[in-house]
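The values are calculated or read from the model by the stated rules, or taken from the named source; none is laboratory data. Worth saying up front: this structure is predicted, and the values here are computed from it rather than measured. Every residue, glycine among them, receives a Cβ derived from its backbone with ideal geometry; neighbour counts consider all protein chains shown. Just so you know, the surface numbers come from the protein's heavy atoms only, side chains and all, with ligands and any DNA or RNA stripped out. Shrake-Rupley method; radii C 1.70, N 1.55, O 1.52, S 1.80 Å.
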Amino acid sequence: MARYMERAGFMCRLLHIQSEALVDRPIAEIEFGWRRIYTAIDRSPLGGIQGAGPEDDYTLVDAYLLTDELTFVRENPESILSCLERGRENARQIRNCVSEQMWTALNTEFLRIRDIKLTDIWLTSPGSFYAELLAGIDRFTGVATATMYRDEGWHFFRVGQFIERVQFSCSLLLTQTRLELQYGELAEASWRSLLRIFHASGAYDRTYSIEIQPELVLDLLVTDRRIPESLLRSVDRTTQELSSLGDGPNAATSGALRRLAGRLGALLRYDWPDRDDREEVLRQVLTYSRQLHDHLSETYFEYAIQGVPRSDVR
């Protein structure tokens, strides 16, 4: 549930910024934004993305279709509607562990998006729609923090939230560094929008100045623990919540789980400052975070029962 809600929030932020760019930004910058979103979620857009050119109308048609696919298309597992629907279904299955306020907050946002179509928002203000939806998702997280009983369910909620944040953030940062090579002239605008996605524009300006330097932006978003959604802070919070869970039924994977979490933190604390191949560091972090999810499942949910083959466990 927590992972789906975190993913929906990330997608809202990306589409909010992208919808604002459609108003008055250059065609190449709009194209960059779409490519960044689709590459980060490892998905090919329906019908492809038109190259930048003088046919502005084609670019606007593409924007409409791409926005619809990323927001309302149920067949796309990464769409906002799909994430909210699956998060709601998971919440329904553990209704006894979810507070009334949490259920109301989640259900309200699902019903808001279920009953409208892209045509309802496209000609008015799509940016306002995503801003309101994101506020609702943030409200759900705030209500969960205020009302959830602090048992294992709470710690699993937080682990899911932070692992999703690590994976999505890492994919987005990797995508940014790769696409920068193709869109060199757009470097400043694209890095500035990346700071907005992480709510870090003000922190960057106060720390460095208003001049955008990609290496400094990357350092800030990866290693500054004062940024609530920095990569290192998300990894540290994951490790903290894992330690609160204690050992699971599978003792072997419990140890592997904590060692892997420690390796993630060490990569960002000690390898990142001294290595030139920072893309490789981010790839390692992404790989380790996916392995962390697998170890978590094996430790607490999919462990073998003594005397019963694992394939027979349901």
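Remarks
- Helices (runs of 4 or more DSSP H) lying entirely in region 197-314 (those with 3 or more residues that are in contact (Cβ under 8 Å) with a residue 24 or more places away in the chain): 214-223, 231-245, 251-266, 278-300
- Of all residue pairs spaced 6 or more apart or on separate chains, those with beta-carbon atoms under 6 Å, a first member in region 30-48 that is open to solvent by 70 Å² or more (accessible area, probe 1.4 Å) and a second member that is assigned to a helix (DSSP H, G or I) and modelled with pLDDT of 90 or more are Leu46/Glu69.
- Ala63 meets each of the listed conditions (1) closer than 23 Å to Arg114 by Cα; (2) open to solvent by less than 90 Å² (accessible area, probe 1.4 Å); (3) modelled with pLDDT of 90 or more; (4) part of a helix (DSSP H, G or I) apart from (3).
- Test result for Ala52, touching a Phe, Trp or Tyr at 6+ places or on another chain (Cβ under 8 Å) and at pLDDT below 90: no
- Single residue of Gly262, Gly184, Gly246 found to be within 18 Å of Phe162 (Cβ to Cβ) and at pLDDT below 90: Gly246
- Condition broken by Ile17, with the remaining ones in (1) open to solvent by less than 50 Å² (accessible area, probe 1.4 Å); (2) in contact (Cβ under 8 Å) with a residue 60 or more places away in the chain; (3) assigned to a loop (DSSP other than H, G, I, E, B) satisfied: (3)
- Lone qualifier among Ile212, Ile163, Ile227, Ile197 - being touching an Asp or Glu at 6+ places or on another chain (Cβ under 6 Å) and among the hydrophobic types (A, V, I, L, M, F, W, C): Ile212
- When Glu188 is tested against the conditions (1) open to solvent by 50 Å² or more (accessible area, probe 1.4 Å); (2) under 24 Å from Ser234 (Cα atoms), the lone failure is (2).
- Boolean, Ala135 is in a helix (DSSP H, G or I) and either over 24 Å from Arg225 (Cα atoms) or at pLDDT below 95 (or both): no
- Qualifying positions in region 208-224 - surrounded by fewer than 14 Cβ atoms within 10 Å (Cβ to Cβ) and not acidic (Asp, Glu): Ser209, Ile210
- From the options Glu180, Glu241, Glu279, residue that is among the acidic types (Asp, Glu) and buried (at least 19 other Cβ atoms within 10 Å of the Cβ): Glu241
- Candidates Thr175, Thr119 - the one that is surrounded by 18 or more Cβ atoms within 10 Å (Cβ to Cβ), part of a helix (DSSP H, G or I) and among the polar types (S, T, N, Q): Thr175
- Residue in region 69-86 that is assigned to a helix (DSSP H, G or I), open to solvent by 40 Å² or more (accessible area, probe 1.4 Å), out of contact with any Leu (no Cβ under 9 Å at 6 or more places or on another chain) and modelled with pLDDT of 85 or more present: yes
- Residue under evaluation Gln167, criteria (1) closer than 26 Å to Phe32 by Cα; (2) open to solvent by 20 Å² or more (accessible area, probe 1.4 Å); (3) part of a loop (DSSP other than H, G, I, E, B), criterion not met: (3)
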